[in-house]
1. In the chain, with Lys and Arg counted as +1 and Asp and Glu as -1 at Cβ, which of these residues, L71, P107, G26, has the Cα nearest the positive end of the dipole, that is, farthest along it?
2. Show me the helices of the chain, taken as full DSSP H stretches, that run 24 Å or more along their long axis by Cα and average 0.5 or above in Kyte-Doolittle hydropathy.
3. Let me spell out the model: positive unit charges on the Cβ of Lys and Arg, negative unit charges on the Cβ of Asp and Glu, origin at the Cα centre of the chain. What dipole size does that give, in debye rounded to 20?
4. Find how much the distance from L60 to R79 grows on full extension, using 0.36 nm per residue of separation minus their present alpha carbon separation; answer in nm with one decimal.
5. With labels modelled as points extended 7 Å from the Cα through the Cβ direction, what inter-label distance (nm, one decimal) is found for R48 paired with K5?
6. If packing is taken as the average number of other Cβ atoms within 10 Å across a peptide's residues, how do 22-28, 79-85, 69-75 rank, most packed first?
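No value in this document is a laboratory result; all are computed from the given coordinates. Not measured: the values here are computed from a predicted model. Ideal geometry is used to build each Cβ from the backbone, glycine not excepted, and the neighbour counts take in all protein chains shown.
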Amino acid sequence: MQLKKDLCLFAIGGGCYVGIELAYRGFSHCTMFFLGGLCFWLIGTLGRLRPRPSLPVQMLLGAVICTAGELIFGLIFNRDFTIWDYRQQPWNIAGQICPVFTLLWIPLSLLAALVFDRCDALLSRPLPKTVQKERLS
């Protein structure tokens, strides 16, 4: 059950990230579904740790997770800079990551943590008895 829930959360994160890119840039790339899903899931699972990190700590760790993911995915899938290109940004590293976008990941990590917690709670609820009966028939 946990694997199904985590896959669903991964898909929610991937879909949301692609949606954000489409709204912001007007296009996305299929690899961004996987990077967005992975980052969403990793940020969200920070909230499952005991003791649970504070929200500001989750936000900062989320920015690190997203920046590291961007660097790894960038070096693998974006060597030709067709997915994104930070070469013109100050203090970029290999044109794949830059401080401006690292800072952007901080508030997006807050949003990811809050949405993940809500979706995780909703997916953890037991099905209503009427739905359970229908599934058994």
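1. Of the listed residues, the answer is P107.
2. On the way: long enough: 2-25 (34 Å, 0.53); 30-46 (25 Å, 1.85); 55-77 (31 Å, 1.91); 99-124 (36 Å, 1.50).
Taking the DSSP H segments of the chain (at least 24 Å long, mean hydropathy at least 0.5), we get 2-25, 30-46, 55-77, 99-124.
3. Values: 13 positive and 8 negative charges, 135 e Å.
My answer is approximately 640 debye.
4. Details: separation 19, 0.36 × 19 = 6.84 nm, distance 2.68 nm.
So the chain would gain 4.2 nm between L60 and R79.
5. It works out to 0.8 nm between the two label points.
6. 69-75, 79-85, 22-28
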